[in-house]
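Take a look at the structure set out below.
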Amino acid sequence: MKFLAFAALVAAVVSAFPAPELPAGIPRSLSEFKEKHPYTVKRSSHCRKTVSIRASQNDTDDVADDFLRGLKQANNGGTLYLPEDKTFVIGKPLDLTFLNDVHVHLEGEIRFTNDTAYWQKNAFAHPFQNSLMFWKWGGRNIKIYGNGVLNGNGQRWWNEFAGSEILDPGNTYLRPILFYAENTTGIEIEGIHFKDSPCWTTFFVTSKHISFKDVACTAESNNATALPKNSDFFDSLNVEHVSVERAWVNIGDDCFSPKSNATDLYVNTMYCNGTHGQSMGSIGQYSGEKSFIRDVVIENLWMLNGQHGARLKSWAGPDVGYGFIDNVTFRNFWNANNEYSAFLDSCYFNINATTCSAYPSQVNISNVNFENFSGYTSGKYGRAVARLTCSPNAVCENIKFKNFNVTSPCGDEPVVICDGISGDLGVPCVNSTSPEAKAALKDKCSTAMATLPKPTPWL
């Protein structure tokens, strides 16, 4: 994760590149986001039974049993209320897959213990990318709302994981996901601050009608040698009908990342700092499995100080799967200091060119639109501001750029690189082996970046 303040990200750049201004009215901190997009608890239109539980007396006072009992009492039409200025420590796995028509009104903080050895031994597990979970939510018509915090207490996990990679075959240090739901129909999350997840922040499996509104997701380390890793805001497997409206995300990985088999996704108004981008995938990871992502609209994004803006990624290598990404629109993206503003990666994950050529991806990419892109890149790839690489074993067609006005700090002639893409992209595009592409990539430069202020105590 790049520790950069939204307020300071445009403060200084190389002398050849004038410092731009953030668009008017754009929040530069979590507090400004909350001011611009305040969340107000709305009273229910009908009377619901309210259930309360005791709060923790200290950091080791586990109220997991109380929390489970409270949810059972509130189930089938009630509300579990967790008040402001109270902390509820969870120290054991909870199976909450029995829920029906239940609300959780969170104004305080739910915090997980950081006994890493205990959780690695006792947490729930899912085979997809060797995932662990603190708890499992599931059922129908679940609403979690309020101005409270869901805290994964991730610092110790990040410290102990430092130097490792989640997708390395030899990795044995597994970390829990902060919020996991399976076999769920109708789940709404509003106003909540997801804080310091050890690994992915949310993961939804075989679920539909998932909604986020006015939420925040942060992962901020106090150890410069152990940054948050793989702290994606959203991950999924087999989902449909997902919406995200107004989110502040300051983490160390994908801002939004649906994975295999996702249909009908809508994202509107997200501020993403230090992330890997708005990512479709990765998909095609598992041998013989078909996977897909289709019917996606992502619009009104501010993508700052990250790896990429809009991103599509598919696995290559021996023993991978196949599938497609179809009908995806990225619209109204403002980029600042990202490596590429648009990126199609058909050689995921950490596959060198030789292996990728021998075992290319089998994921087709079609009907993808990049509309109304502005801002600037970091200069890491010189004057190249976007790069699309289609696998030779796939078809990539009807990919369009419209009103694409991203610049580079490295010069006045930004370049879009494309390989293996069928048809007209709507902008001039050059092959990666062309003299124009080589010259653009060679013109490297960088932008200056400022330090992110320490998180305020209430975050």
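The values are calculated or read from the model by the stated rules, or taken from the named source; none is laboratory data. Keep in mind the model is a prediction, meaning the values are calculated, not measured. Quick reminder, even Gly has a Cβ in these numbers, built from the backbone with ideal geometry, and neighbours come from all protein chains shown. To get the accessible areas, we keep the full protein, side chains included, count just its heavy atoms, and leave off ligands, DNA and RNA. Shrake-Rupley method; radii C 1.70, N 1.55, O 1.52, S 1.80 Å.
I'm told residue 404 meets every condition in (1) assigned to a loop (DSSP other than H, G, I, E, B); (2) over 16 Å from residue 390 (Cβ atoms) except one. Can you identify the failing condition by its number?
(1)
Out of the residues in region 213-228 that are out of contact with any Ser or Thr (no Cβ under 7 Å at 6 or more places or on another chain), of a type outside the set (Val, Ile, Thr) and closer than 22 Å to residue 301 by Cα, state the one that is least open to solvent (accessible area, probe 1.4 Å).
Here the answer is 216.
Filter region 421-445 for residues that are open to solvent by 70 Å² or more (accessible area, probe 1.4 Å) and under 28 Å from residue 273 (Cα atoms); which is modelled with the highest pLDDT?
442
Taking the criterion of being under 19 Å from residue 191 (Cβ atoms) and aliphatic (A, V, I, L, M), would at least one residue in region 108-116 satisfy it?
yes
Does residue 97 fit the bill of being touching a residue at least 12 places away in the same chain (Cβ under 8 Å) and either under 25 Å from the mean Cα position of the chain (by Cα) or open to solvent by 60 Å² or more (accessible area, probe 1.4 Å) (or both)?
yes
Looking at region 165-219, what strands (runs of 3 or more DSSP E) fall wholly within it and have at least 1 residues that are polar (S, T, N, Q) and within 20 Å of residue 139 (Cβ to Cβ)?
Of the strands (runs of 3 or more DSSP E) lying wholly inside region 165-219, those with at least 1 residues that are polar (S, T, N, Q) and within 20 Å of residue 139 (Cβ to Cβ) span 179-190, 202-218.
Mind telling me which of the residues 417, 399 ends up being open to solvent by less than 30 Å² (accessible area, probe 1.4 Å), assigned to a strand (DSSP E or B) and in contact with a helix residue (DSSP H, G or I) (Cβ under 8 Å, 6 or more places away or on another chain)?
Result: 417 is the single residue among 417, 399 that is open to solvent by less than 30 Å² (accessible area, probe 1.4 Å), assigned to a strand (DSSP E or B) and in contact with a helix residue (DSSP H, G or I) (Cβ under 8 Å, 6 or more places away or on another chain).
If a residue must be closer than 16 Å to residue 283 by Cα and buried (at least 19 other Cβ atoms within 10 Å of the Cβ), how many such residues does region 327-355 contain?
The total comes to 8.
Restricting to region 45-78, and then to whatever is closer than 24 Å to residue 183 by Cβ and among the polar types (S, T, N, Q), can you tell me which residue is least open to solvent (accessible area, probe 1.4 Å)?
The qualifying residue least open to solvent (accessible area, probe 1.4 Å) is 75.
Which residues, taken from region 232-249, are under 18 Å from residue 189 (Cα atoms) and buried (at least 18 other Cβ atoms within 10 Å of the Cβ)?
Of everything in region 232-249, those that are under 18 Å from residue 189 (Cα atoms) and buried (at least 18 other Cβ atoms within 10 Å of the Cβ) turn out to be 232, 233, 234, 235, 236, 239, 242, 244, 246, 247, 248, 249.
May I ask you to list pairs of residues, at least six apart or on different chains, whose Cβ atoms are under 8 Å apart, with the first in region 41-62 being in a loop (DSSP other than H, G, I, E, B) and the second being at pLDDT below 95 and open to solvent by 80 Å² or more (accessible area, probe 1.4 Å)?
none
So, residue 85, is that one free of Cβ contacts under 8 Å to residues at least 40 places away in the same chain, of a type in the set (D, E, K, R) and at positive phi or not?
In short, yes.
Filtering region 284-315 down to residues that are of a type in the set (Ser, Thr, Tyr) and open to solvent by less than 10 Å² (accessible area, probe 1.4 Å), which residue is farthest from residue 274 (Cα to Cα)?
Of everything passing the filter in region 284-315, 291 is farthest from residue 274 (Cα to Cα).
If you scan region 170-203, which residues turn out to be among the polar types (S, T, N, Q), closer than 14 Å to residue 130 by Cα and open to solvent by less than 40 Å² (accessible area, probe 1.4 Å)?
Hit for region 170-203 is 171, nothing else.
Exactly one of these conditions fails for residue 204: (1) free of Cβ contacts under 8 Å to residues at least 60 places away in the same chain; (2) closer than 16 Å to residue 145 by Cα. Give me its number.
The failed condition is (2).
Checking the structure you have, find out if any residue of region 79-91 is surrounded by 17 or more Cβ atoms within 10 Å (Cβ to Cβ) and closer than 19 Å to residue 203 by Cβ.
yes
What's the number of the condition residue 269 fails, among (1) open to solvent by 10 Å² or more (accessible area, probe 1.4 Å); (2) closer than 20 Å to residue 166 by Cβ; (3) polar (S, T, N, Q); (4) in contact with a His (Cβ under 9 Å, 6 or more places away or on another chain)?
(2)
Specify which of the listed residues (225, 218, 185) is within 28 Å of residue 326 (Cα to Cα) and at pLDDT 95 or above.
185
Being more than 30 Å from residue 291 (Cβ to Cβ), open to solvent by 30 Å² or more (accessible area, probe 1.4 Å) and either of a type in the set (Ser, Thr, Tyr) or in contact with a Ser or Thr (Cβ under 8 Å, 6 or more places away or on another chain) (or both) is the filter here; which residues of region 114-169 pass it?
Within region 114-169, 118, 153, 155, 156, 160, 162 meet the criteria.
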